[in-house]
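The values are calculated or read from the model by the stated rules, or taken from the named source; none is laboratory data. Quantities reported herein were computed from a predicted structural model and do not represent experimental measurements. Please note: Cβ atoms are built from the backbone with ideal geometry, for glycine as well, and neighbour counts cover all protein chains shown. Protein only, heavy atoms only, side chains kept; ligands, DNA and RNA dropped before computing areas. Shrake-Rupley method; radii C 1.70, N 1.55, O 1.52, S 1.80 Å.
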Amino acid sequence: RSFVQSKCKSCYNSVSENERKRKLAKRLYAENTEKEIARVTKYRNDNLDKVNAYRRLWAEKNPDKKRAYNHNWRAMRKSAEGKYDPKQIRLLLINHNFSCAYCGKYIKNNYTVDHIIALTKNGRNSIENLVPACLSCNSSKNNKEVQDWSLKRFNKKWFNIEEIRNDFVSFFGVL
């Protein structure tokens, strides 16, 4: 242990450089919250093009995370309960064989996530209220009830919500 470092060399080397930077930034933020918010705001305003380019690049590289972020943000604005992450959506897609839950169309990469009970009708933003859907079905369903919408679109009652929930429980193990 040297007088310069607060830890011995092996302890210091066991923590990555990025983790040390993260801890320092977190500590500085906690100690100077208002100052840090002003600094970050100033940086964003001064480097708007750079920040937007970074956000676009991140969104292109992480479409599932971006989609989940947007959904969760929208649900938060509507005061809906629940939250989900991209891994849960990936499992949901696997459970539905990468097909639209409504029409059966293959949608591996071009999918939307639909709320069975719409957020506008006090539906939850949790995984048990979500199904993968093609853009066409999701757009036409909008905020309608599944039974009414499927009767008009497919001329039959397409879903039994209890069956969907039972499928969910059998796949994920919980509701």
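Students often get this wrong, so check it: of K87/K108; K83/K105; K42/K65; K78/K152; K65/K121, which have C-alpha atoms separated by over 20 Å?
The answer is K83/K105; K42/K65; K78/K152; K65/K121.
Around N125, which amide H atoms from residues at least 5 apart in sequence, or from another chain, sit under 5 Å from its own amide H, with H modelled in the peptide plane?
HN-HN under 5 Å from N125: E81, G82.
If you take the Cα atoms of region 51-102, find Rg, then find the Kirkwood Rh from the mean of 1/r over all pairs, what is Rg/Rh?
1.05
Probe 1.4 Å, all protein chains in place: accessible area of R90 in Å², nearest 10?
90 Å²
Which FRET efficiency, nearest 0.05, do N95 and N62 yield, Cβ-Cβ r, R0 25 Å?
Efficiency, rounded to the nearest 0.05: 0.70.
With all protein chains present, calculate the accessible area of R56 using a 1.4 Å probe and round the result to the nearest 10 Å².
Near enough 140 Å² of accessible area.
Please list I127, I94 in order of solvent-accessible area, largest first, computed with a 1.4 Å probe with all protein chains present.
Per-residue accessible area, sorted high to low, gives I94, I127.
Using 10 Å bins from zero, what percent of all Cα-Cα pairs in region 53-137 falls into each bin?
So the P(r) values, bin by bin, are 18, 48, 30, 3.
How far is it, in nm, from the label point at S140 to the one at N32 when both lie 7 Å from their Cα along the line to the Cβ?
It is 5.8 nm.
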